[in-house]
Amino acid sequence: MATPLFDALVVKVRNWANRDSDVLSDSLITDFLDYSADYCYRKLRIPPLEYTYQYTAINSLTAGETSLVVPPDFSELISFSVIDSNSDRYVFNKSLAQAEFNNSFTTKPNYSFSFKGNEIQFYPEAEVGNVYELHYYRRLPDLDATYVVNQTNITLGNCTVASAEDEGAVEFPASSGTYYTGNEVYNWLRDENERVLLWGAFAHALDYLGEDERAMKFFQKQEFAVQELNGEDKLRKAKGASNTVTFEVSQLL
């Protein structure tokens, strides 16, 4: 499927490195961009990467639960809390190591939690009417993600009318003769801070090419840019500014 914004990044990395596709293939450059994005997700702590997920009765939360599966885009916890049937909120502020949490001799304090694989375990157990909120830093959709072709995304304008011969064209509804392609998904990191991505990708490309000294310079440029973005958010918080981030939950490939 067409991914013009991502494809442009691939071209920039190849042109800057001044190597043809025999040396730096598209798949290699894609890996370098992904490595760069991974670094950003590990280090950036800013509002555009914050997200809040609610666990309720409609998404498998039941009374007696003591663990919940974290979302697949989870990167790092900010806070975990519960809103009871009286609308009172309680924050789980006791983080325990897994061995301690599951030790039968441990007296777990109220509102304690621990991580086990892709689950967050908690105490006390869930009660009827509880709503749990996981506020966390998340990974964004893949740099080359596109929307899946379905009626919801067509209605929202996330798909484009195409012809049967177009790359990635999907006939929808089936056997209707109306074809669509999914548009490229917005990605804050790629679309608003491509320099941070590119510097990391350049560094990995140079490292691959054996140019260690130049690679280190671009790794340092990426690190500085990440620190700068984190610093801007710290300054915003120090000045008492507020920031509300709203994410559209969409169906992606």
For this session: Could you rank the peptides 203-209, 108-114 by their average count of other C-beta atoms within 10 Å per residue, with the highest value first?
Result: 203-209, 108-114
For this session: Quote the accessible area belonging to Val69 in square angstrom, nearest 10, computed with a 1.4 Å probe and with ligands, DNA and RNA left uncounted.
Result: 80 Å²
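Ranked highest first by average number of other Cβ atoms within 10 Å, how do 131-139, 152-160 line up?
Per-residue mean Cβ counts within 10 Å order the peptides as 131-139, 152-160.
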For this session: Choose one answer from Ala215, Ala169, Ala201: the residue with the largest mean-square fluctuation in a GNM of the chain with alpha-carbon springs under 10 Å.
Result: Ala169
Seminar exercise, completed: Scalar couplings 3J(HN,Hα) for the range 158-167 by Karplus 6.51 cos²θ - 1.76 cosθ + 1.60 (θ = phi - 60°), nearest whole Hz, x for Gly and Pro, are 8, 10, 10, 4, 9, 9, 4, 7, 5, 4
Seminar exercise, completed: Ordered by number, the trypsin sites (Lys or Arg not before Pro) in the range 44-110 that occupy a DSSP loop and have at most 16 other Cβ atoms within 10 Å are Arg45
Problem set entry | Heavy-atom accessible area per residue - the chain, 1.4 Å, Å² | 57 Å²
Exercise. Of all accessible surface on the range 20-178 at a 1.4 Å probe, what whole percent is carbon and sulfur?
Worked result: 48 percent
Problem set entry | Cross-link table Lys43/Lys116; Lys12/Lys221; Lys43/Lys221; Lys43/Lys108, entries beyond 20 Å C-alpha to C-alpha | Lys43/Lys116; Lys43/Lys108
Problem set entry | Per-residue SASA entry for Glu228, accessible area with 1.4 Å probe, Å² rounded to 10 | 70 Å²
For this session: Tell me the GluC sites (Glu not before Pro) within the range 161-210 that lie in a loop according to DSSP and have at most 14 other beta-carbon atoms within 10 Å.
Result: Glu165, Glu167
Exercise. Which residues' amide hydrogens lie under 5 Å from the amide hydrogen of Asn183, considering only partners 5 or more residues apart or on another chain, with H built in the peptide plane?
Worked result: Tyr147, Cys159, Thr160
For this session: Compute the length gained on full extension between Tyr90 and Glu211: take 0.36 nm times their separation in residues and subtract their Cα-Cα distance, giving the result in nm to one decimal.
Result: 38.3 nm
Problem set entry | Mean shadow area of the range 75-116 over all directions, Cα convex hull, nm² | 3.8 nm²
Problem set entry | Read-out volume of the Cα convex hull per residue in Å³, derived from the coordinates shown; its label in (1) 220; (2) 189; (3) 211 | (2)
Exercise. Mind listing the phi-derived Karplus ³J(HN,Hα) values for the range 89-104, rounded to whole Hz, using 6.51, -1.76 and 1.60 with θ = phi - 60°, and x for any glycine or proline?
Worked result: 9, 10, 9, 7, 10, 10, 8, 10, 5, 4, 4, 5, 4, 9, 6, 5
Exercise. Tell me, what HN-Hα J-couplings in whole Hz come from the Karplus equation 6.51 cos²θ - 1.76 cosθ + 1.60 at θ = phi - 60° for each residue of the range 127-140, using x for Gly and Pro?
Worked result: 10, 4, x, 5, 10, 9, 10, 10, 9, 8, 8, 10, 8, 7
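Report the gain in length on full extension from Gln54 to Trp16: 0.36 nm times residue separation, minus Cα-Cα distance, nm rounded to one decimal.
Stretched fully, the Gln54-Trp16 segment lengthens by 9.3 nm.
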For this session: Just grab the label-to-label distance for Thr66 and Val23, each label 7 Å out from Cα along the Cβ direction, in nm (one decimal).
Result: 5.9 nm
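The values are calculated or read from the model by the stated rules, or taken from the named source; none is laboratory data. If you're wondering where the values come from, they're calculated on a predicted model, not measured in any experiment. All Cβ positions, glycine included, derive from the backbone under ideal geometry; neighbour counts span all protein chains shown. Areas reflect the complete protein model, heavy atoms only, side chains present, ligands, DNA and RNA absent. Shrake-Rupley method; radii C 1.70, N 1.55, O 1.52, S 1.80 Å.
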